[in-house]
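A.B. asks: Encoded as structure tokens, here's the structure I'll be asking about.
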Amino acid sequence: MSLIKSISGIRGTIGGNVGDNLTPLDAVKFASAYGCWLLKRNATKNTKLLVVIGRDARISGKMISSLVANTLVGLGIDVIDLGLSTTPTVEVAVPLENADGGIIITASHNPKQWNALKLLNEKGEFLNAEDGSLILEMAENDDYLFAEVDDLGVYTKAKNYVQKHIDEVLNLELVDIEAIKNANFKVVVDAVNSTGGIFIPALLERLGVACVKLYCEPNGQFPHNPEPLKEHLGDISRLVVEEKADCGIVVDPDVDRLALVCEDGSMFGEEYTLVACADYVLSKKVGNTVSNLSSSRALRDVTQKHGGTYQASAVGEVNVVELMKDSNAIIGGEGNGGIIYPASHYGRDSLVGVALFLSLLANKKISCRALRDSYPSYFMSKNKIQLTPQIDVDKILEQMATKYQNEDISTIDGVKIDFENEWVHLRKSNTEPIIRIYTESTTQENADDLATRIITEIQTIIK
């Protein structure tokens, strides 16, 4: 498997050859490039730099985290290590600690053999394209300068960031703690044996919610594919019904994606996590929203219902955040269950998502299924084509754009073709060697049929 390098970090499978996989040498090399970039960026600062790090529970996390921490110390940078943590917790911790940056050791929804380094700036936000490119260039050129012995950084383990993050969430004005406690909710939590098993139950306890734990032991042994999609969530669907729970909560290994299960075991739909949270926020304050091109039209519909304006960005959290800032959006995110709520911070945060969703459910006093049924019904089909080095992706996308040039076309990120009642978005993944094919229509059958047609057309081009 090739090592995947992008502006947001480096990702690969553990073991194998240097440069082809995420080996210890690759982890050190990339952490060195990031640290040297920080040092150059802060060349006039008179005190030592500080970086916050944290990791999810995957098996390789402790090894990679140790390599990253000691590399930064070797560069003369102080390190605060949150240990087992979440992506949004590290994002929150960076400004709280007045740090100069952050690194999250997680491969997000990828299987257990994967790991990655996600890079943050001093705001606790993902790097922009320019900064990410500089780090990649430094890594390619081995452009590092390490500290002498008297100038080494200091390594410190942080404490209590579970509670600090939860406090940040509970202090949000729109989180209705009293209503949630009065609702006497019972929920089932599937944290895929990663750090969500620490953070989500602790949040629910503070909210007075009864919690049934499923796969909440943070040992990195994922019991199912960690991407929170319907086909991977049969166990929690059955348990929600058995426990007569009000809903199920599912998070990915680094807790930046949130999926929900209704009381009857049906999927609320990861696309509708953002829709529901936005519906609640917009009901309290009129404003704008942003999601990416691969997200459901339902957010547009809900935003317009509340008198706001919706815009779509290129895929990628940094792109969503940039457009949210430009449009003064009060909530946004991605259709994969990623909630970005600027009143908290500019990062996908499942803890914030859980608190907003339960606030909505408690205020409306209806079931999870009834809430889902109250939103416009769109159905998505998410597919992919595995890539080989011989496949010219740009040529494929160009030919598809030409074929459908009479439709409403966007090429800001791959090719999105908007038809009257449905759409398809084709793009090369930033995290896996695949072409993603996302479609949405008014029925599941239509969405699946559109996907099948487009995949057949692409395969014809490849041949």
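So that you can scan it fast, the table gives a plain yes or no per residue for (1) in the same structural domain as ALA31 (by TED's automatic domain parsing); (2) within 19 Å of SER350 (Cα to Cα):
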| residue | (1), (2) |
| --- | --- |
| GLN113 | yes, no |
| LEU120 | yes, yes |
| TYR144 | yes, no |
| ASN182 | no, no |
| LYS186 | no, yes |
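A.B. asks: While we're on this one: Among the strands (runs of 3 or more DSSP E) confined wholly to the stretch 354-463, which include 3 or more residues that are under 28 Å from ILE10 (Cα atoms) and touching a residue at least 60 places away in the same chain (Cβ under 8 Å)?
C.D. replies: 379-386
A.B. asks: Next up: Would a scan of the stretch 290-310 turn up a residue that is touching a Lys or Arg at 6+ places or on another chain (Cβ under 7 Å), in a helix (DSSP H, G or I), assigned by TED's automatic domain parsing to the domain that holds LEU274 and not aromatic (Phe, Trp, Tyr)?
C.D. replies: Looking for residues that are touching a Lys or Arg at 6+ places or on another chain (Cβ under 7 Å), in a helix (DSSP H, G or I), assigned by TED's automatic domain parsing to the domain that holds LEU274 and not aromatic (Phe, Trp, Tyr), one finds none in the stretch 290-310, hence no.
A.B. asks: Within the stretch 371-400, work out how many residues are at pLDDT below 90 and among the hydroxyl-bearing types (Ser, Thr, Tyr).
C.D. replies: Adding up the residues that qualify gives 1.
A.B. asks: Suppose we filter GLY101, GLY132 for residues that are of a type outside the set (A, V, I, L, M), more than 16 Å from the chain's Cα centre (by Cα) and buried (at least 23 other Cβ atoms within 10 Å of the Cβ); which single one remains?
C.D. replies: Exactly one residue qualifies, and that residue is GLY101.
A.B. asks: State the number of residues belonging to the stretch 311-345 that are surrounded by 23 or more Cβ atoms within 10 Å (Cβ to Cβ), part of a loop (DSSP other than H, G, I, E, B) and on the phi > 0 side of the Ramachandran plot.
C.D. replies: The total comes to 1.
Rundown of residues vs (1) within 18 Å of VAL90 (Cβ to Cβ); (2) aromatic (Phe, Trp, Tyr), yes/no style:
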{"position": "ARG11", "(1), (2)": "yes, no"}
{"position": "GLY16", "(1), (2)": "no, no"}
{"position": "ASP20", "(1), (2)": "no, no"}
{"position": "PRO24", "(1), (2)": "no, no"}
{"position": "LYS29", "(1), (2)": "no, no"}
{"position": "TYR34", "(1), (2)": "yes, yes"}
{"position": "LEU39", "(1), (2)": "no, no"}
{"position": "ALA43", "(1), (2)": "no, no"}
{"position": "THR47", "(1), (2)": "no, no"}
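A.B. asks: Of the residues TYR161, TYR215, TYR155, only one is surrounded by fewer than 20 Cβ atoms within 10 Å (Cβ to Cβ), of a type in the set (Ser, Thr, Tyr), under 22 Å from LEU84 (Cβ atoms) and modelled with pLDDT of 95 or more; which?
C.D. replies: Values: TYR161 fails: surrounded by fewer than 20 Cβ atoms within 10 Å (Cβ to Cβ); TYR215 fails: surrounded by fewer than 20 Cβ atoms within 10 Å (Cβ to Cβ).
From the options TYR161, TYR215, TYR155, the qualifying one is TYR155.
A.B. asks: Take the residues in the stretch 373-386 that are under 23 Å from the mean Cα position of the chain (by Cα) and surrounded by 14 or more Cβ atoms within 10 Å (Cβ to Cβ), then tell me which one is farthest from ILE434 (Cα to Cα).
C.D. replies: Step one: filter the stretch 373-386 for residues under 23 Å from the mean Cα position of the chain (by Cα), giving 378-386.
Then drop every residue that is not surrounded by 14 or more Cβ atoms within 10 Å (Cβ to Cβ), which leaves 378-385.
Details: TYR378: 25, PHE379: 22, MET380: 18, SER381: 16, LYS382: 12, ASN383: 10, LYS384: 6, ILE385: 5 Å.
Of everything passing the filter in the stretch 373-386, TYR378 is farthest from ILE434 (Cα to Cα).
The values are calculated or read from the model by the stated rules, or taken from the named source; none is laboratory data. From a predicted model like this one, the values you see are computed outputs, not experimental measurements. Ideal geometry is used to build each Cβ from the backbone, glycine not excepted, and the neighbour counts take in all protein chains shown.
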